[in-house]
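The values are calculated or read from the model by the stated rules, or taken from the named source; none is laboratory data. Keep in mind that this is a model prediction, so the values were computed, not measured. Cβ coordinates were reconstructed from backbone atoms using ideal geometry, including for glycine residues, and neighbour counts include every protein chain displayed. Accessible surface is based on the protein model in full, side chains and every heavy atom, while ligands, DNA and RNA are left aside. Shrake-Rupley method; radii C 1.70, N 1.55, O 1.52, S 1.80 Å.
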Amino acid sequence: MDKKVKTIGVLSSGGDAPGMNAAIRAVVRTAINRGLHVMGIRRGYNGLLSGDMFEMNLRSVSDILHRGGTVLYTARCPEFVTEEGVEKGRNMCFEMGIDGLVVIGGDGSFRGARDLSLKGIPCIGVTGTIDNDISSSQYTVGFDTALNTVVDMVDRLRDTSQSHDRCTVVEVMGRRCGDIALHAGIACGATCVLVPEIPFDLDRDVITRIGRSTRTGKQHFIIMVAEGVGGVEQMAKYIQEKTGVETRATILGHVQRGGSPSARDRVVASEMGHHAVELLQQGIGNRVVVYRDNKIVDLDILEGLNMKRVFDKHLYDIANEISI
Ligand code: ADP
Ligand code: F6P
């Protein structure tokens, strides 16, 4: 592409994640520092379709680095999944003079970014999701903060669980991805970790383990369950019935998505946002900025979307071995 990029847009899309603001800030600051204009688009692709956007300056992103959520708001936009929606988005880019777009979100958002790139607007995806479920990236912005939030809350649950000699079944976020459950399970010393990636049997993998630990003197238990597995209330009843240990279920819910981003999320988001602008400045689009082997790199969006996610079975085995 030989057309010089003058104005770029930035939006956040899908579920919010701590660190999205750090990515927005890096995009805005890098772009302005390089002589580009930046349009902040509100509420994901919705704002692109309705023209809900404003020109950002260096001070538009002051004081946001440490804040959770996203100052650009986020949304899911069913219209953008359609060909007509993408066409409308492209026309709005032409109308507003946007000749490149940074999309901060997850796989769904990147599909939209690819569709728009194919229609002539270079788009760059930047990972922003607490789930750590983007196959092409070994790390997604928001995961570390969410994980630390979960650890903090489960430590509290452990206090009460221990005081009452109870079993606590905790559901953490992750519809299709058990990474939060797995990492939090290890960090919190859970007796069992149940994730959607690995089939399990309640009697063999939970009841038997609780029984074995009880015989060696353990009196309280944490069972870490990913959202994608679900059913924690029934699970708690079943555990109590089968083991005789008083059991409670807790669903941590959306509290996991909020809060000030960790240092790691701020740094990775800043690097990714910066990298995204460097690509757009060269007229390169249809790429996703990812974290691989301790480096920030970029890949073709479709290539990234087609990668198969690899669950860390080794870490899962470690969790099981040391939780007895
Ligand atoms: P995430 O980006 O976190 O995976 P979603 O899957 O909800 O979140 O996607 C966010 C938005 O991305 C959707 O609301 C939609 O506007 C857009 N999107 C999702 N899938 C597609 C698709 N196949 N084609 C075009 N746009 C899509
Ligand atoms: O993708 C992030 C995530 O928090 C998932 O872990 C969870 O399943 C989903 O979003 C919840 O979405 P919503 O905000 O629509 O309830």
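How many residues are among the hydroxyl-bearing types (S, T, Y) and open to solvent by 30 Å² or more (accessible area, probe 1.4 Å) when one looks only at the range 150-170?
The qualifying residues number 2.
Considering V126, V86, V103, which residue is open to solvent by less than 20 Å² (accessible area, probe 1.4 Å), of a type outside the set (S, T, N, Q) and away from ligand 2 (no atom under 16 Å from the Cβ)?
Values: V126 fails: away from ligand 2 (no atom under 16 Å from the Cβ); V103 fails: away from ligand 2 (no atom under 16 Å from the Cβ).
Testing whether each residue is open to solvent by less than 20 Å² (accessible area, probe 1.4 Å), of a type outside the set (S, T, N, Q) and away from ligand 2 (no atom under 16 Å from the Cβ) leaves just V86.
Is there a residue in the range 188-202 that is of a type in the set (S, T, N, Q), open to solvent by 10 Å² or more (accessible area, probe 1.4 Å) and part of a loop (DSSP other than H, G, I, E, B)?
From the range 188-202, those of a type in the set (S, T, N, Q) are 191; that's our starting set.
Those left that are additionally open to solvent by 10 Å² or more (accessible area, probe 1.4 Å): none.
So far as the range 188-202 goes, no, none of its residues is of a type in the set (S, T, N, Q), open to solvent by 10 Å² or more (accessible area, probe 1.4 Å) and part of a loop (DSSP other than H, G, I, E, B).
Tell me, please, whether a residue that is within 21 Å of the chain's Cα centre (by Cα) and among the β-branched types (V, I, T) can be found in the range 19-38.
Of the residues in the range 19-38, the ones within 21 Å of the chain's Cα centre (by Cα) are 19-27.
Now drop any that are not among the β-branched types (V, I, T), which leaves 24, 27.
Scanning the range 19-38, I find at least one residue that is within 21 Å of the chain's Cα centre (by Cα) and among the β-branched types (V, I, T), so the answer is yes.
Would you confirm whether or not the range 178-185 contains a residue that is touching a residue at least 12 places away in the same chain (Cβ under 8 Å), within 19 Å of G15 (Cα to Cα) and not in a helix (DSSP H, G or I)?
Within the range 178-185, the subset touching a residue at least 12 places away in the same chain (Cβ under 8 Å) is 178-185.
Filter once more, so that each one left must be within 19 Å of G15 (Cα to Cα): 178-181.
Next, from what is left, pick out any that are not in a helix (DSSP H, G or I): 178.
Looking for residues that are touching a residue at least 12 places away in the same chain (Cβ under 8 Å), within 19 Å of G15 (Cα to Cα) and not in a helix (DSSP H, G or I), one finds at least one in the range 178-185, hence yes.
Give the range 7-19 a look and list any residue that's away from ligand 2 (no atom under 12 Å from the Cβ) and open to solvent by less than 10 Å² (accessible area, probe 1.4 Å), or say none. Write out each step before concluding.
We begin by selecting, within the range 7-19, every residue away from ligand 2 (no atom under 12 Å from the Cβ); these are 7-12, 19.
Those that are away from ligand 2 (no atom under 12 Å from the Cβ) and open to solvent by less than 10 Å² (accessible area, probe 1.4 Å): I8, G9, V10, L11, S12, G19.
Looking only at helices (runs of 4 or more DSSP H) that lie completely in the range 215-324, which have at least 1 residues being in the same structural domain as I130 (by TED's automatic domain parsing)?
Values: elements: 232-243, 263-281, 301-306, 313-322.
Where helices (runs of 4 or more DSSP H) fall fully within the range 215-324 and carry at least 1 residues being in the same structural domain as I130 (by TED's automatic domain parsing), they are 263-281, 301-306.
Between a residue in the range 244-270 that is buried (at least 16 other Cβ atoms within 10 Å of the Cβ) and any residue that is aromatic (F, W, Y), which pairs come within a Cβ distance under 8 Å, given they are 6 or more apart or on different chains?
From residues that are buried (at least 16 other Cβ atoms within 10 Å of the Cβ), the pairs are V245/F221; D265/F143; V268/Y139; V268/Y291.
Considering the range 62-77 alone, what residues qualify as being in contact with a strand residue (DSSP E or B) (Cβ under 9 Å, 6 or more places away or on another chain) and away from ligand 2 (no atom under 16 Å from the Cβ)?
Of everything in the range 62-77, those that are in contact with a strand residue (DSSP E or B) (Cβ under 9 Å, 6 or more places away or on another chain) and away from ligand 2 (no atom under 16 Å from the Cβ) turn out to be V71, L72.
What about D144, is it within 20 Å of the chain's Cα centre (by Cα) and without any contact (Cβ under 8 Å) to a residue 12 or more places away in the chain?
The answer is no for D144.
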